[in-house]
């Protein structure tokens, strides 16, 4: 934790994207670096393709804690459930530190416009992000470890994450399913921007990284195709609670919703892109 606190800014400068930075920091903490997977998290920066929703630090951290949950649990359902729980701890820690989960609230910038990006740079907002990352990194890791260590006695027989279901349909491994599990229900069941969307973006980007056909850019036709299809499918809604028409209080609630066909059409649409 001392190492993370002292060099987070340097890592951020090197990796470029906040999502990439925190996925790397978590993997380093747990002793298993995953260069391709970390690189594929770049598009989640800026609140999912610069849309201003959950900060990329959160997405990267959730991927990292998901990877660790997979290593700790032989049972896939248990691994998914602990990844979701640890993500909830991470989210609570982040909001306590940043006062919001969303990139737009933290930066006061709209990255979907050139003016917004220029404002971010001119007003010195990158320093705000660097400082936030530096202060939160040790807290994030501590929260993740606390979440992973929780006993979960009241789980459904087979816990389900919408994000895991999306990548499963695309052809993901069990490990990749657990990596994205915490995205469930709008990130840790919080109802915010769609976790299934972020999972699809990450896995499809990972395929391009492995094929050496990916370079991070603010304008990416492949990413724009996914976003367009998503918005058309959801009626231009982004938040999970608006898409689902409800919020999920527990992993059991979310599992039952998915088992009963909730978001099935959206999951299939994202998987088929």
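All of the numbers you see were taken from the coordinates with simple rules; none came from a lab. What you see is a predicted model; the values in this text were computed from it and never measured. Note: ideal-geometry Cβ built from the backbone for every residue, glycine included; neighbour counts use all protein chains shown.
One table, with the values for the structure above:
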read-out	value
Order of 103, 55 - criterion: other Cβ atoms within 10 Å of each residue's Cβ, fewest first	103, 55
Value of D in µm² per second that Stokes-Einstein yields for segment 72-213, Kirkwood Rh from Cα pairs, at 10 °C (1.306 mPa s)	96
Under 17 Å from the residue 75 label point (7 Å along Cα→beta-carbon), backbone N, segment 146-181	148-161, 178
GNM top mover of 211, 239, 139 - the chain, alpha-carbon springs below 10 Å	211
For the chain, the spread of Cα positions along each principal axis, largest first, Å	50, 42, 37
Ranked 112, 8, criterion: other C-beta atoms within 10 Å, fewest first	112, 8
Fewest-first sequence of 120, 32 by Cβ atoms within 10 Å of each Cβ	32, 120
Added length on full extension, which subtracts the Cα-Cα distance from 0.36 nm per residue, residue 175 to residue 97	25.1 nm
The chain: calculated mean residue ellipticity at 222 nm from DSSP helix runs of at least 4, using -39500 (n - 2.57)	-20000 deg cm²/dmol
Euclidean distance between Cα centres, segment 77-124 to segment 134-207, Å	15
Nearest-0.05 FRET efficiency for residue 265 and residue 154, computed from C-beta distance (R0 30 Å)	0.50
The chain - percent relative contact order, Cα under 8 Å, separation 6 or more	21
Kirkwood Rh, Cα atoms: Rg over Rh of segment 1-137	0.98
Difference of contour (0.36 nm per residue) and Cα-Cα distance, residue 236 to residue 216	4.7 nm
Hull volume in cubic angstrom per residue (convex hull over the Cα atoms of segment 98-161)	115
